[in-house]
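Q: Got a structure for you, questions after.
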Amino acid sequence: MTDYSTEEAVVDELVDFFNARDLEGIRELLDAEVSAPFFGGTGADITMQGIGELVLAYPGIVSTRGELGDEPVLVAWIPGETHIYRRMGYFRFTFADGDENGEELIEHIDYSDEIDDGTLLAEQPDPADMAEGEDWRTWAEGAS
(Lines give C-alpha, C1' and ligand atoms only; values in the text may rest on other atoms or scores of the structure.)
Protein backbone atom coordinates (compact mmCIF):
# COMPACT_ATOMS: atom_id res chain seq x y z
CA MET A 1 0.00 0.00 0.00
CA THR A 2 1.27 3.45 -0.90
CA ASP A 3 1.86 5.86 1.99
CA TYR A 4 0.73 9.10 0.39
CA SER A 5 1.32 11.09 3.57
CA THR A 6 5.03 10.23 3.41
CA GLU A 7 5.16 10.94 -0.32
CA GLU A 8 3.37 14.25 0.25
CA ALA A 9 6.00 15.19 2.83
CA VAL A 10 8.81 14.39 0.36
CA VAL A 11 7.15 16.45 -2.38
CA ASP A 12 6.58 19.31 0.10
CA GLU A 13 10.29 19.24 0.95
CA LEU A 14 11.17 19.12 -2.74
CA VAL A 15 9.01 22.20 -3.41
CA ASP A 16 10.69 24.08 -0.56
CA PHE A 17 14.19 23.08 -1.68
CA PHE A 18 13.44 23.89 -5.34
CA ASN A 19 12.08 27.35 -4.57
CA ALA A 20 15.06 28.06 -2.29
CA ARG A 21 17.44 26.77 -5.01
CA ASP A 22 18.84 24.36 -2.38
CA LEU A 23 20.38 21.82 -4.74
CA GLU A 24 22.01 19.88 -1.89
CA GLY A 25 18.60 19.49 -0.25
CA ILE A 26 17.09 18.24 -3.50
CA ARG A 27 19.90 15.73 -3.96
CA GLU A 28 19.24 14.25 -0.51
CA LEU A 29 15.69 13.38 -1.66
CA LEU A 30 16.92 11.41 -4.71
CA ASP A 31 17.80 7.74 -4.92
CA ALA A 32 21.34 7.30 -6.31
CA GLU A 33 19.92 5.59 -9.40
CA VAL A 34 16.97 7.92 -9.93
CA SER A 35 15.66 7.80 -13.50
CA ALA A 36 14.54 11.11 -14.95
CA PRO A 37 14.18 11.14 -18.75
CA PHE A 38 13.22 14.84 -18.76
CA PHE A 39 16.53 15.66 -17.08
CA GLY A 40 18.57 13.48 -19.40
CA GLY A 41 18.80 9.99 -18.00
CA THR A 42 19.59 7.95 -14.94
CA GLY A 43 21.51 8.79 -11.82
CA ALA A 44 21.49 11.55 -9.24
CA ASP A 45 24.36 13.45 -10.90
CA ILE A 46 22.60 13.59 -14.28
CA THR A 47 19.30 14.56 -12.65
CA MET A 48 20.93 17.32 -10.61
CA GLN A 49 22.65 18.66 -13.72
CA GLY A 50 19.27 18.72 -15.48
CA ILE A 51 17.62 20.54 -12.59
CA GLY A 52 20.43 23.10 -12.60
CA GLU A 53 20.01 23.62 -16.34
CA LEU A 54 16.24 24.08 -15.89
CA VAL A 55 16.80 26.79 -13.28
CA LEU A 56 19.37 28.51 -15.50
CA ALA A 57 17.04 28.39 -18.51
CA TYR A 58 14.07 29.70 -16.49
CA PRO A 59 15.49 31.84 -13.66
CA GLY A 60 12.03 32.87 -12.41
CA ILE A 61 10.68 29.31 -12.22
CA VAL A 62 8.88 28.42 -8.99
CA SER A 63 7.00 25.36 -7.85
CA THR A 64 3.95 24.48 -5.81
CA ARG A 65 2.67 21.12 -4.65
CA GLY A 66 -0.35 19.85 -6.48
CA GLU A 67 -2.45 16.74 -6.56
CA LEU A 68 -3.29 14.52 -9.49
CA GLY A 69 -6.12 12.52 -8.02
CA ASP A 70 -4.64 11.51 -4.67
CA GLU A 71 -1.05 11.56 -5.97
CA PRO A 72 1.20 14.43 -4.87
CA VAL A 73 2.95 16.24 -7.75
CA LEU A 74 5.27 19.22 -8.13
CA VAL A 75 3.83 21.89 -10.42
CA ALA A 76 6.29 24.20 -12.18
CA TRP A 77 5.34 27.81 -12.92
CA ILE A 78 7.16 30.46 -14.92
CA PRO A 79 6.61 34.21 -14.89
CA GLY A 80 4.28 35.33 -17.62
CA GLU A 81 3.21 38.69 -18.89
CA THR A 82 1.57 41.26 -16.64
CA HIS A 83 3.02 39.80 -13.43
CA ILE A 84 1.23 36.48 -13.41
CA TYR A 85 2.58 32.97 -13.40
CA ARG A 86 1.67 30.44 -16.04
CA ARG A 87 1.90 26.73 -15.56
CA MET A 88 4.85 25.16 -17.34
CA GLY A 89 4.00 21.56 -16.42
CA TYR A 90 4.15 19.12 -13.56
CA PHE A 91 6.40 16.37 -12.24
CA ARG A 92 5.18 12.97 -11.02
CA PHE A 93 7.26 10.71 -8.82
CA THR A 94 7.82 7.07 -7.97
CA PHE A 95 9.41 6.43 -4.60
CA ALA A 96 11.88 3.83 -3.38
CA ASP A 97 11.10 2.00 -0.13
CA GLY A 98 13.47 4.23 1.78
CA ASP A 99 17.04 4.95 2.74
CA GLU A 100 18.90 3.71 5.82
CA ASN A 101 16.90 6.16 7.93
CA GLY A 102 13.60 4.82 6.62
CA GLU A 103 12.89 7.95 4.58
CA GLU A 104 11.37 7.55 1.13
CA LEU A 105 13.59 8.56 -1.78
CA ILE A 106 12.56 9.58 -5.28
CA GLU A 107 13.48 6.80 -7.72
CA HIS A 108 11.72 8.01 -10.88
CA ILE A 109 10.62 11.45 -12.14
CA ASP A 110 8.16 11.94 -15.02
CA TYR A 111 7.33 15.30 -16.55
CA SER A 112 4.14 16.32 -18.33
CA ASP A 113 3.18 19.59 -19.96
CA GLU A 114 -0.19 18.29 -21.16
CA ILE A 115 -3.24 20.49 -20.95
CA ASP A 116 -4.99 20.05 -17.63
CA ASP A 117 -8.14 17.97 -17.98
CA GLY A 118 -9.42 19.11 -14.59
CA THR A 119 -7.80 16.35 -12.52
CA LEU A 120 -4.74 18.40 -11.55
CA LEU A 121 -5.30 20.54 -8.48
CA ALA A 122 -2.65 23.15 -7.80
CA GLU A 123 -2.58 26.54 -6.22
CA GLN A 124 -1.05 29.20 -8.46
CA PRO A 125 1.87 31.10 -6.92
CA ASP A 126 1.06 34.55 -5.59
CA PRO A 127 2.14 37.19 -8.15
CA ALA A 128 2.92 39.53 -5.24
CA ASP A 129 5.78 37.16 -4.36
CA MET A 130 7.31 37.56 -7.83
CA ALA A 131 10.71 39.16 -7.49
CA GLU A 132 11.21 42.45 -9.26
CA GLY A 133 12.41 41.87 -12.82
CA GLU A 134 11.03 38.33 -13.12
CA ASP A 135 8.34 39.30 -15.61
CA TRP A 136 9.70 37.97 -18.90
CA ARG A 137 8.36 40.98 -20.75
CA THR A 138 10.65 43.14 -18.63
CA TRP A 139 13.64 41.05 -19.66
CA ALA A 140 12.72 40.91 -23.33
CA GLU A 141 11.41 44.43 -23.88
CA GLY A 142 12.62 46.48 -20.95
CA ALA A 143 8.96 47.22 -20.14
CA SER A 144 7.89 47.87 -16.56
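Q: When the scattering of segment 3-99 is computed by the Debye formula from its Cα atoms alone, each counted once and equally, what is log10 I(q)/I(0) at q = 0.20, 0.25 Å⁻¹?
A: Summing over Cα pairs of segment 3-99 leads to -1.06, -1.56.
Q: Provide the solvent-accessible area of ARG21, counting protein heavy atoms only and rolling a 1.4 Å probe, rounded to the nearest 10 Å².
A: We get 80 Å² for ARG21.
Q: So, taking all protein chains as they sit and a 1.4 Å probe, how much accessible area belongs to PHE38, in Å² rounded to tens?
A: 90
Q: Place the peptides 114-123, 28-37, 70-79 in order of packing, highest mean first, counting for every residue the other Cβ atoms within 10 Å and averaging per peptide.
A: 70-79, 28-37, 114-123
Q: Compute, for segment 1-74, the length of the dipole vector about the Cα centre, with Cβ point charges of +1 (Lys, Arg) and -1 (Asp, Glu) only. Units Debye, rounded to 20.
A: Using only the charged Cβ atoms, the result is roughly 400 debye.
Q: How compact and how long is segment 1-60, expressed as Rg and Dmax of its alpha-carbon atoms in Å?
A: In order Rg, Dmax, the Cα atoms of segment 1-60 give 12.0, 38 Å.
The values are calculated or read from the model by the stated rules, or taken from the named source; none is laboratory data. What you see is a predicted model, and the numbers here were worked out from it, not measured in a lab. Every residue, glycine among them, receives a Cβ derived from its backbone with ideal geometry; neighbour counts consider all protein chains shown. Note: accessible area is taken over every heavy atom of the protein model, side chains too, but ligands, DNA and RNA are not part of it. Shrake-Rupley method; radii C 1.70, N 1.55, O 1.52, S 1.80 Å.
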